[in-house]
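Asker: Here you go, one structure.
The values are calculated or read from the model by the stated rules, or taken from the named source; none is laboratory data. Predicted, not measured: the structure shown is a model, and the values here were computed from it. Cβ placement follows ideal geometry from the backbone for every residue including glycine, while neighbour counts extend to all protein chains displayed. SASA here: full protein model, heavy atoms, side chains in, ligands and nucleic acids out. Shrake-Rupley method; radii C 1.70, N 1.55, O 1.52, S 1.80 Å.
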Amino acid sequence: MSPAARAAEVIDVGGRDVRISHPDKLVFPEPGLTKLDLVRYYLAVADGALRGVAGRPMVLKRFVKGIDQEAFFQKRAPDKRPDWIETATLHYASGNSAEEVVVTDAAALAWVVNLGCIDLNPHPVRADDLDHPDEFRVDLDPMPGVDWSQIVDVAFVAREVLDDHGLVGWPKTSGSRGIHISVRIEREWSFAEVRLAAETLAREVELRAPGLASARWWKEERGESVFVDFNQNAKDRTVASAYSVRALPDARVSTPLDWSEVSGSRPERFTVATVLERFAERGDPAAGIDDAVGRLDGLLRRAEELGPAEKAPRGSDGSGRRRSTMPLIEIARAKTKDEALEGLERWKARHPEAVALLEPADVLVDGMRGSSSLWYRIRVNLQHVPEGERPPQEPLEVDYDPWAKYRDADGAISGPPAGGRNGRAS
């Protein structure tokens with residue numbers, strides 16, 4: 001039997017047998033990384049990776065069809081699992097609950113990677129207290145047109161705000177375009193209070209770096225800024241944790257940094273190959289994170305000083321739905337990003353005069369969380385197109401309904417299973 005035909009390989013991880021199915025399956029064709037290579041990477045950096053996930057319930061983001069296909073999100077732990085895999089049951093505002101996997105050691109880490117989890121997506125709580133987060137997350141998400149130097153500038157402003165409120169931030173590349181800053185906190189505050197503290201930090205960063213940073217939740221209002229995404233602290237949200245490999249062709253890694261490295265670093269420098277070398281040489285720059293536990297009192301006091309954040313206006317039709325202050329039109333709703341972008345190109349071909357006036361941040365591409373996977377929405381903000389020259393809202397280029405299978409005969413949504421409608425993902 002040829003090596004490529006091997007159905008499985010059993011590896012010993014800390015005295016536990018972990019079965020790796022299809023170990024020679026090519027996961028990252030560009031650098032030539034197989035499934036077993038990915039497992040071995042996570043075992044090599046397990047000390048750092050476990051620092052981000054150990055003891056936390058985790059959403060399983062499974063790329064069972066490869067990195068060029070959409071992942072599906074699985075909240076419920078598989079029924080068939082080793083008896084040493086721990087779980088915790090999370091309850092959501094929708095009334096649903098989900099028994100989620102809790103990774104506790106390197107063997108469990110290898111087991112979830114075998115399921116097709118390329119990156120790791122833990123909640124900011126520990127399994128022994130699911131109501132009080134111990135991690136405060138600062139997600140710096142750049143809008144189109146924003147370069148790395150602006151993201152770095154905003155990261156240092158965020159660090160300054162954290163320092164001013166007695167908190168220690170630990171930066172890492174997101175593995176995509178942005179920067180994450182993780183903060184350990186005492187387990188005294190609810191999710192709502194932690195989110196309020198995060199929103200307050202975002203507003204304070206925006207005040208200190210006007211034009212560079214934005215705390216505005218609605219994407220069309222941000223311009224070419226770095227969005228300080230406070231909503232990543234909501235109960236149903238997860239982010240890729242430290243040492244997570246991202247599903248990009250170069251096998252890029254979400255990599256912890258020293259603050260002295262942030263300015264000179266670029267996300268594309270950190271791949272599976274380079275991070276393996278880096279970790280072997282210097283270990284984990286975030287090794288001290290669990291010893292730097294802070295309090296949110298200062299940010300919550302600042303929230304009272306700032307007063308309630310500005311709310312978006314509501315429509316006058318009685319529906320209570322938000323009404324944007326920007327001239328938005330919707331172009332596509334699609335099952336895949338490629339389909340959505342193809343629809344955008346068709347729209348652009350019909351309206352070249354308007355397209356010539358758009359800024360990069362005027363094209364809004366949203367990954368939306370469906371029942372178990374992402375779907376994609378594209379909108380265009382016509383703010384830079386003179387009113388009389390703006391294309392009208394037309395029938396969508398692609399009109400995908402992610403909730404079709406949950407609709408009853410009258411078109412109402414009866415509700416997806418637990419772990420379903422989580423709203424906007426990006």
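Asker: So if I take the centroid of the Cα atoms in the stretch 350-379 and the same for the stretch 181-216, what is the distance between those two points in Å?
Answerer: Between the Cα centre of the stretch 350-379 and that of the stretch 181-216, the gap is 27 Å.
Asker: Picking from Gly343, Gly145, Gly14, which is most flexible by a Gaussian network model of the chain using Cα springs under 10 Å?
Answerer: Most flexible of the set in this elastic network: Gly14.
Asker: Another question, then. Can you tell which of Lys235, Lys75, Lys65 shows the greatest fluctuation in a Gaussian network model of the chain with Cα springs below 10 Å?
Answerer: Among Lys235, Lys75, Lys65, the largest GNM mean-square fluctuation belongs to Lys65.
Asker: What FRET efficiency would be calculated for the residue pair Glu330, Asp17, taking the C-beta separation as r and a Förster radius of 56 Å, to the nearest 0.05?
Answerer: In this case the efficiency is close to 0.65.
Asker: Taking just the alpha carbons, could you work out the radius of gyration and Dmax for the chain, both in angstroms?
Answerer: Just the Cα atoms of the chain yield Rg and Dmax of 22.0, 71 Å.
Asker: Just to make sure I understand: if all protein chains stay in place, what is the order of Leu207, Leu90 by accessible area at 1.4 Å, largest first?
Answerer: In descending accessible area the options line up as Leu207, Leu90.
Asker: For the chain, modelled as a Gaussian network with Cα springs under 10 Å, which listed residue fluctuates most, Gly55, Gly211, Gly367?
Answerer: Maximum among the listed residues: Gly211.
Asker: Shifting gears a bit: Can you tell me which aspartates and glutamates have their Cα less than 19 Å from the Cα of Lys65? Leave out same-chain residues fewer than eight positions away.
Answerer: Here the aspartates and glutamates satisfying the reach criterion relative to Lys65 are Asp24, Glu30, Asp37, Asp119, Asp250, Asp338, Glu339.
Asker: Does the stretch 172-268 classify as rounded, prolate or oblate by the C-alpha gyration tensor (a ≥ b ≥ c root eigenvalues; a/c under 1.5 gives rounded; else a/b over b/c gives prolate, otherwise oblate)?
Answerer: oblate
Asker: Let me ask something additional. Keeping all protein chains in the complex and leaving out DNA, RNA and ligands, what accessible area do you get for Arg16 with a 1.4 Å probe, in Å² to the nearest 10?
Answerer: Estimated to the nearest 10 Å², Arg16 gives 80 Å².
Asker: Report the FRET efficiency, 1/(1 + (r/R0)^6), for Val293 and Glu389, where r is their Cβ-Cβ distance and R0 is 45 Å, rounded to 0.05.
Answerer: 0.20
Asker: Further, regarding this structure: Stretched out fully, how many nm does the piece from Asp128 to Thr274 gain, at 0.36 nm a residue minus the Cα gap?
Answerer: Gain in length upon complete extension: 49.0 nm.
Asker: When the helix-only estimate is applied to the chain (DSSP H runs of n ≥ 4, each -39,500 (n - 2.57), divided by the residue count), what is the mean residue ellipticity at 222 nm, nearest 500 deg cm²/dmol? Write out the running numbers ahead of the final one.
Answerer: Working: 10 runs with 105 residues, N = 426.
Helix-only estimate at 222 nm: -7500 deg cm²/dmol.
Asker: So, taking all protein chains as they sit and a 1.4 Å probe, how much accessible area belongs to His165, in Å² rounded to tens?
Answerer: Rounded to the nearest 10, that gives 40 Å².
Asker: Report the accessible area of Thr238, computed with a 1.4 Å probe over the heavy atoms of all protein chains in place, in Å² rounded to the nearest 10.
Answerer: Approximately 20 Å² of Thr238 is accessible to the 1.4 Å probe.
Asker: Roughly how many nanometres apart are two label points built 7 Å out from the Cα toward the Cβ at Asp68 and Glu188?
Answerer: Rounded to a tenth, the inter-label distance reads 5.3 nm.
Asker: What FRET efficiency do you get for Glu30 and Glu304 if R0 is 56 Å and r is their Cβ-Cβ distance, rounded to the nearest 0.05?
Answerer: FRET efficiency, Glu30 to Glu304: 0.65.
Asker: What is the extension gain from Tyr92 to Glu221, computed as 0.36 nm multiplied by their sequence separation minus the C-alpha to C-alpha distance, in nm to one decimal?
Answerer: Gain in length upon complete extension: 43.5 nm.
Asker: Given labels modelled 7 Å from the Cα in the Cβ direction, how far is it in nm from Glu345 to Ile85?
Answerer: 4.0 nm
Asker: Can you run phi through the Karplus equation (6.51, -1.76, 1.60; θ = phi - 60°) for the stretch 111-128 and list ³J(HN,Hα) in whole Hz, with x for Gly and Pro?
Answerer: Result, ordered by residue: 5, 6, 5, 4, 6, x, 7, 7, 10, 10, 10, x, 7, x, 10, 9, 5, 8 Hz.
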